[in-house]
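Have a look at the structure below, then the notes.
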Amino acid sequence: MSNLDSMQRFTFDKTDVRGELVGLHKSLSAVLSKHDYPTALKIELGKLMAASAIMSATLKYEGRLCLQVRLPGDVSLIQAETTDTGDLRAIARYDESKEIETVELAGGQLVITLEPAVGKPYQGIVPLESNLLNEAFEYYFKQSEQLGSRFWLECDGTIASGFMLQQLPAAEGSDEDAWDRLSHLASTLKSDELLQLTNETILHRLYHDEEVRLYDSEELRFACTCSKERIGNAIQQVGREELMDVIAEQGKVSVDCQFCLQHYSFNKEQIGDLFPEKKLH
């Protein structure tokens with residue numbers, strides 16, 4: 001697949017249907033290189049990264065989109081984030097003492113958080129009623145956006161791909177049968193085709209009898225949004241007293257970003273700056 005680490009929008013002339021295609025390779029490899037995840041977890045993490053890229057293109061915003069799959073089992077969290085500029089990062093948490101052969105999604109929650117650059121964050125929660133992530137995203141758009149949507153998400157542990165179709169409000173004179181027809185054709189796409197074929201080949205394979213308009217691709221890349229300021233804001237939640245104890249024992253507070261493993265350290269003065277209302281002695 002030549003369209004890796006990019007997303008590309010497409011539309012159908014004289015219809016109210018749009019779509020997105022996403023492919024990830026280097027960005028996925030960068031995430032997986034930071035952690036030694038079990039294969040089953042790599043696959044679900046890749047699918048969620050592809051979904052986050054699709055969602056970021058679909059929900060018009062400036063800021064960051066965070067998808068969290070929260071689970072009650074040995075795998076407790078799968079998280080992927082995408083910014084409006086195409087920066088991706090992801091992480092998972094699991095019981096490393098257990099052998100993870102499968103990831104049980106049913107019974108968990110999909111938490112969708114939109115953090116706009118300006119304004120208040122928005123959060124939606126979708127119950128995971130099956131082991132298929134795509135069904136949760138389809139449910140979300142049906143319930144919150146009132147838009148018919150179909151998602152196809154695939155990952156082999158090295159490459160992740162996503163394909164979405166979405167039904168827009170009908171315009172006068174549009175093809176009324178288009179949604180059912182285009183969705184049915186998309187359902188014939190095989191997993192290996194989505195992972196291996198180019199976007200152009202996929203669309204020709206599915207829709208050679210349709211008038212498809214394919215737009216310029218947008219680059220996707222691994223990039224962490226961590227900073228010393230953001231890490232400082234996070235460790236404030238620990239509390240002044242506990243941070244003081246760490247300073248007394250170790251002379252500094254050390255924190256590694258869980259996403260990119262970047263190391264941050266805070267001395268006594270810097271910890272004091274986090275709590276300006278109380279001086280450290």
* To do: Taking 7 Å along the Cα-to-C-beta vector as the label spot, tell me the LEU59-GLN250 distance in nanometres, rounded to one decimal.
  => 3.4
* Structure fact -> Yeah, segment 155-255 with a ≥ b ≥ c from its alpha-carbon gyration tensor (a/c under 1.5 is rounded, else prolate when a/b outruns b/c, oblate otherwise) is prolate
* To do: Set Lys and Arg Cβ to +1 and Asp and Glu Cβ to -1, take the dipole of the chain about its Cα centre, and tell me which of PHE12, GLY124, GLY232 lies farthest positive.
  => GLY232
* **At most 15 other Cβ within 10 Å, DSSP loop - trypsin sites (Lys or Arg not before Pro), segment 1-66** => LYS14, LYS60
* **Counted charge near SER130, where neighbours are those whose Cβ lies closer than 14 Å (Asp, Glu -1; Lys, Arg +1)** => -4
* To do: Could you tell me how many degrees, from 0 to 90 and to the nearest 10, lie between the Cα long axis of helix 39-58 and the main elongation axis, the longest principal axis, of the Cα atoms of the chain?
  => 70
* Structure fact -> Computed about the Cα centre, the charge dipole of segment 6-222 from +1 Lys/Arg and -1 Asp/Glu charges at the Cβ has a magnitude in debye, to the nearest 20, of 600
* **Value in Å of the Kirkwood radius, where segment 6-222 supplies the Cα pairs that are averaged** => 17.7
* Structure fact -> Exposed GluC sites (Glu not before Pro) being those in a DSSP loop with at most 16 other Cβ atoms within 10 Å, the longest stretch of the chain free of them is 212-276
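Bear in mind that the values in this text are calculations on the coordinates, not laboratory data. None of these values were measured; they are calculated from a predicted model. Virtual Cβ from ideal backbone geometry, glycine too; neighbours counted across all protein chains shown.
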